[in-house]
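What follows is a short report on a single structure.
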Amino acid sequence: MNTITTDNPISSEQTSILACLASILIPASDKYDIPGADDETIMSDIISAAREHAESFKTGLDAFDAYAQSEFDTDFVSLDHDDRMAIVEHFQDNAPHFIHALVSVTVSVYYQDTRVMKSLGLEARPPFPEGYELPQGDWSMLDPVKERGEIWRKAD
Amino acid sequence: MANEPVDVLIIGAGASGAAMAWSLADTRMHILCMEQGDWMNPSEYPSTGMDWESRFSSEFSISPNERKRETDYPINEKDSAIGVANFNGVGGGTILYAGHFPRFHPSDFRAKSLDDVGDDWPINYEQLEPFYNVNDRMMGVSGLSGDPAYPAKQTVMPPLPMGYSGEIMGRAFNKLGWHWWPSDVAIATTDYDGRARCINLGACSSGCAQGAKASTDVTYWPHAIRAGVELKTRCRVREITVNDDGMASGVIYYDENGDEQFQPAEVVVMACNGIGTPRILLNSTSTSFPDGLANSSGLVGKNLMFHPYANIQGVLPEETDGYRGPTLSLWSKEFYETDASRGFVRGFTLEMHRGNRVVRTALNGVMSGRIPWGEGHHDAYRRLHNHILGMSAICEDLPEEHNRVTLDPDLTDSNGIPAPKIDYTLSENSQRMLDFAVERGTELLETCGASEILVQSPIPFGGWHLLGTARMGSDPSRSVVNEWGRSHDVKNLFIIDGSIFVTSAGVNPTQTIQSLALYIADQMKQRLANLFD
Ligand SMILES: Cc1cc2nc3c(=O)[nH]c(=O)nc-3n(C[C@H](O)[C@H](O)[C@H](O)COP(=O)(O)OP(=O)(O)OC[C@H]3O[C@@H](n4cnc5c(N)ncnc54)[C@H](O)[C@@H]3O)c2cc1C
């Protein structure tokens, strides 16, 4: 059973547009040896995360296709990179709420992916229970502040 | 079955309700607290899972309108320049708060006499000081004694680690000759009162899974309950009822099944915060109180203060603490006291931020255009990741009657109780203070070596301090409660939350909210024999 299809809150056309947008936003990188946001695992998490805003995603993604049809006479995924980017820029100006939701869901899932975290030198684990270490620092740095003396204003 | 009458009924189990309940417990009265939300389960807090950052914008969002838990109520904020942040549950706002825990300064109680703005408080720093000390112990405050911006005070535990970010900031402050000091924080840096020490999870504002952060569900409440206080969750109060003598007789509330109930009480204490409290008072109308309870002054809901905030960040060549550690750990009071040459009165605290979380860095970067779509995304992200340092300026908000909470004529919560509506604009004084703070913040970050400066002013979602909507004072025509929290109009009704603030100061309020609650509890205990005279 294909869980992505059966569980998918958006249609397969909408899924293709979403994958296309995810890869335009965050493409794979050979330099850092990391996948793009259209990687299969990441996409499946993006789709689950989009479930919470399913209606606005459906409307938003359909609008990309409708605009591609009206401007270029074809669907969004068939366009070349420059034309796709022109459409993204159009929606950045005209549908900022949808773009915010799209970016928010995509980067949230992408930067919580184990491979991406490792490539940033992060341990791929939640903060709890191990936590993190920070240097205690040297509070003698406060000496000049102490030397200056009291700065509070007397009131009564 | 009818509920048995109680001696004291506290509504709201947040910061102030918890402190009051604990303090009154030694009277051996029958004390009941009703809270609309649930107990939290720290093992379910976001920092226990890989997707922790995503959950900041869903069920742990700071905005009740976005969070939409069953236990939340909606707030109409379309006419407010700043959106409300809160949490509804045992612990109230302290579940999500950052735990930055400054006291007021002595001058904060005297804005009218010193600067001819706002009003003076009917109490002063010295009267509150013993209660600040008790609250420090009960919440477990960490910090460093000797801050020259305050009268002498002791802290309970050592300060949070300075970290890489603190060292960079400290060097810059010293270069400029500005005041800085480790913040007082309600975060345990050693094991304390059954709580484990902070391990720098960096997720304070979505609940502390470690229990190091002092939310009142892990500080006051366990002590209060052991001392005999009863706490009932999922009870949403709709209104306070009054008897023929004009005294509060109890409350009508909805239980967990949505059924309407009545709880009789000898004394009613409101602790629902600066929005929840005026909402219930305004909804408690009767023939004796047609404009809402305790409202003969007409001031219930008015003078709402939020604290306008500016957020100023810079990109540094060297590494900062990034996502690690409690965000707020240093403060500067350099611009706290009034200096007329700056073009505004009163002042602000700079709260230093260690850095940004991983996802937050990406989201802010893309939305601000600093991280491009496509080619260049990864290089740009890496330039920002763990290289951001910043601060927020928390500016004193002055009381203005047109900034207010009213009842929305249409919007309601799931029990049909009218939702609050907020009308709030920034004053010219606030705007000038914000602009000045942004200039100073920029100067500091440039001294740190920052190449790019990112500014958000005011922070549009930053209404996390809810103050002033049922102010205290000695004149019944200019205030809602008296010098010790009792309603001028209804002698067995007390208000103890942020509503009673006269002015807001330029600091986070919770230390003062709780110390005031302890002060009021103490005043009540001293007058038990003639509390209603
Ligand atoms: C994200 C965030 C960060 C913050 N950071 C800081 C910080 O660093 N430092 C600081 O000092 N402050 C901070 N605050 C503010 C702090 O949380 C509040 O000042 C404090 O919790 C207010 O205390 P209170 O007692 O007035 O009300 P609350 O703590 O808000 O408690 C009110 C309680 O009343 C309950 N209630 C309301 N209406 C009803 C009703 N009708 N029936 C039953 N129950 C009801 C609510 O569910 C809630 O639990 C922050 C807040 C947020 C949201």
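The values are calculated or read from the model by the stated rules, or taken from the named source; none is laboratory data. Every value quoted in this text rests on a predicted model; they were computed, and no experiment measured them. In this analysis, Cβ positions are derived from the backbone assuming ideal geometry, glycine residues included, and neighbour counts consider all displayed protein chains.
Among the listed residues B:479, B:457, B:451, B:499, identify the single one that is at pLDDT below 95 and either under 30 Å from residue B:353 (Cβ atoms) or surrounded by fewer than 24 Cβ atoms within 10 Å (Cβ to Cβ) (or both).
From the options B:479, B:457, B:451, B:499, the qualifying one is B:451.
Of A:104, A:44, which residue is more than 7 Å from every other protein chain (Cβ to nearest Cβ), under 30 Å from residue B:201 (Cβ atoms) and assigned to a helix (DSSP H, G or I)?
Criteria check complete, one pass: A:44.
Only one of the numbered conditions (1) over 30 Å from residue B:429 (Cβ atoms); (2) more than 10 Å from every other protein chain (Cβ to nearest Cβ) is not met by residue B:174, and that is (2). Here the strands (runs of 3 or more DSSP E) wholly within region B:213-281 that include at least 2 residues being more than 10 Å from the ligand (Cβ to nearest atom) and of a type outside the set (A, V, I, L, M, F, W, C) are B:248-254, B:260-270.
Looking across region B:403-432, the residues that are out of contact with any Ser or Thr (no Cβ under 8 Å at 6 or more places or on another chain) and in a strand (DSSP E or B) come down to B:406, B:407, B:408, B:409, B:410, B:411, B:412.
Only one residue in B:110, B:67 is within 14 Å of the ligand (Cβ to nearest atom), surrounded by fewer than 24 Cβ atoms within 10 Å (Cβ to Cβ) and either within 14 Å of another protein chain (Cβ to nearest Cβ) or among the acidic types (Asp, Glu) (or both), so which one is that?
Of the residues listed, the single one that is within 14 Å of the ligand (Cβ to nearest atom), surrounded by fewer than 24 Cβ atoms within 10 Å (Cβ to Cβ) and either within 14 Å of another protein chain (Cβ to nearest Cβ) or among the acidic types (Asp, Glu) (or both) is B:67.
Quick check on region B:454-474. Is at least one of its residues more than 24 Å from the chain's Cα centre (by Cα) and assigned to a helix (DSSP H, G or I)? The answer is no, given that none of the residues of region B:454-474 is more than 24 Å from the chain's Cα centre (by Cα) and assigned to a helix (DSSP H, G or I). Does residue B:61 qualify as being without any contact (Cβ under 8 Å) to a residue 12 or more places away in the chain, within 14 Å of the ligand (Cβ to nearest atom) and at negative phi? It is true that residue B:61 is without any contact (Cβ under 8 Å) to a residue 12 or more places away in the chain, within 14 Å of the ligand (Cβ to nearest atom) and at negative phi.
Residues in region B:171-183 that are farther than 20 Å from residue B:136 by Cα and surrounded by 23 or more Cβ atoms within 10 Å (Cβ to Cβ): B:173, B:180. Taken together, B:186, B:212 contain a single residue that is within 14 Å of another protein chain (Cβ to nearest Cβ), within 24 Å of residue B:392 (Cβ to Cβ), out of contact with any Leu (no Cβ under 6 Å at 6 or more places or on another chain) and buried (at least 22 other Cβ atoms within 10 Å of the Cβ), which is B:212. Would you confirm, using the coordinates I've provided, whether residue B:103 is basic (Lys, Arg), within 9 Å of another protein chain (Cβ to nearest Cβ) and closer than 24 Å to residue B:395 by Cβ? No: the conditions fail for residue B:103.
Just one residue in the set A:128, A:72 is of a type in the set (Phe, Trp, Tyr), buried (at least 18 other Cβ atoms within 10 Å of the Cβ) and at negative phi; that residue is A:128. Residues satisfying the criterion are present in region B:300-322 (criterion: surrounded by fewer than 19 Cβ atoms within 10 Å (Cβ to Cβ), within 14 Å of chain A (Cβ to nearest Cβ) and either at pLDDT 95 or above or over 19 Å from the mean Cα position of the chain (by Cα) (or both)). In region B:19-37, which residues are near the ligand (Cβ under 8 Å from one of its atoms) and in contact with an Asp or Glu (Cβ under 9 Å, 6 or more places away or on another chain)? B:36, B:37, listed by residue number.
Annotation note: Cβ proximity below 8 Å between a residue of region B:292-317 that is over 25 Å from residue B:395 (Cβ atoms) and a residue that is among the basic types (Lys, Arg) and assigned to a loop (DSSP other than H, G, I, E, B) (sequence gap 6+ or interchain) occurs for B:297/B:478. Within region B:339-379, being assigned to a loop (DSSP other than H, G, I, E, B) and facing chain A (nearest Cβ under 8 Å) holds for B:373, B:374, B:375.
Here residue B:42 clears all of (1) closer than 24 Å to residue B:135 by Cβ; (2) surrounded by 20 or more Cβ atoms within 10 Å (Cβ to Cβ); (3) within 14 Å of chain A (Cβ to nearest Cβ) except the condition numbered (2).
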